[in-house]
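For reference, the structure is listed below as structure tokens.
The values are calculated or read from the model by the stated rules, or taken from the named source; none is laboratory data. Owing to the predicted nature of the structure, the values given are computational and were not obtained by experimental measurement. FYI the Cβ positions are ideal-geometry reconstructions off the backbone, even for glycines, and counts take in every protein chain you see. Ligands, DNA and RNA are excluded from the accessible area calculation, which covers all protein heavy atoms including side chains. Shrake-Rupley method; radii C 1.70, N 1.55, O 1.52, S 1.80 Å.
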Amino acid sequence: SLLVKAVMLTLLLASLLSWFLIIQRSCVLRQRERQMNSFVQRFRGASDLLPLYRETTDSEKGIEPIFHAGLHAFNHLHPHTGSAADVVLEGVERALYVAISEQEVQLEKGLQFLATVGSVSPYIGLFGTVWGIMNSFIGLSQVQQATLSTVAPGIAEALIATAIGLFAAIPAVIAYNRFSSRSQTLLTRYYAFGNELQVRLHRTLHGKPLNLAAAA
């Protein structure tokens, strides 16, 4: 029937979009994880943060805009607060929180769609199944002699709708769970890096001042 075909087409489109998001988000997360590992090594191996600050910009995605936001806040607050280290570190902490929150939004892109496809697709396929079986029995009531060949096409069509619904839902659910876990792990590492950066800046405030004006 036309309705069951529309259900199949909807599920196929949802499946194609899901696979596009799965591939795209997988590449993004892999890139962010590699960037995190590389940048943390550079950060921990740098005795002076000025060269690293010059190399980063706040327009990039991942860990670098977080680092840039923290040092930019430090550069802005330190010359204007004198020896009030707590005020400087509080401002840096807020800047880091905002930057990490922006990255969290980026990491969650597409996950809502995968969750929707994973939860709704089986029910859409079930609707196509019910409709196909109903049409089969309606057609059966209009013939004098009921045979298997009379109802088999409609039932087969209905079962195909169910299979397509499961085919769309299962990868979406697996990908959603996997990406959610990886995103949460990456977000935790962002917060850990923010704490590590605050420790470095705290030491700077109680030791040699870090003049970032030269890096602007």
- Item | the chain: angle of helix 111-140 to the longest principal axis, Cα-based, in degrees nearest 10 | 0 degrees
- Note on the structure: In degrees rounded to 10, the 0-90 angle between helix 148-205 Cα long axis and the longest Cα principal axis of the chain is 10 degrees
- Sorting 119, 37, 166 by the position of each Cα along the dipole of the chain (Lys, Arg +1; Asp, Glu -1; all at Cβ), the one nearest the positive end of that ordering is 37
- Task: About the Cα centre of the chain, how large is the charge dipole given +1 on each Lys and Arg Cβ and -1 on each Asp and Glu Cβ? Please answer in debye to the nearest 20.
- Result: 440 debye
- Task: Grab the DSSP H runs of the chain that are 4 residues or longer, score each as -39,500 (n - 2.57), total them, divide by all residues and round the 222 nm result to the nearest 500 deg cm²/dmol.
- Result: -30000 deg cm²/dmol
- Percent relative contact order of the chain, based on C-alpha pairs within less than 8 angstrom and at least six residues apart? 32 percent
- Query: Ignoring any ligand, DNA or RNA, what whole percent of the accessible area of the chain comes from carbon and sulfur when the probe is 1.4 angstrom?
  - Reply: 63 percent
- Per residue, how much accessible area does region 1-94 show when a 1.4 Å probe rolls over the protein heavy atoms, in square angstrom? 57 Å²
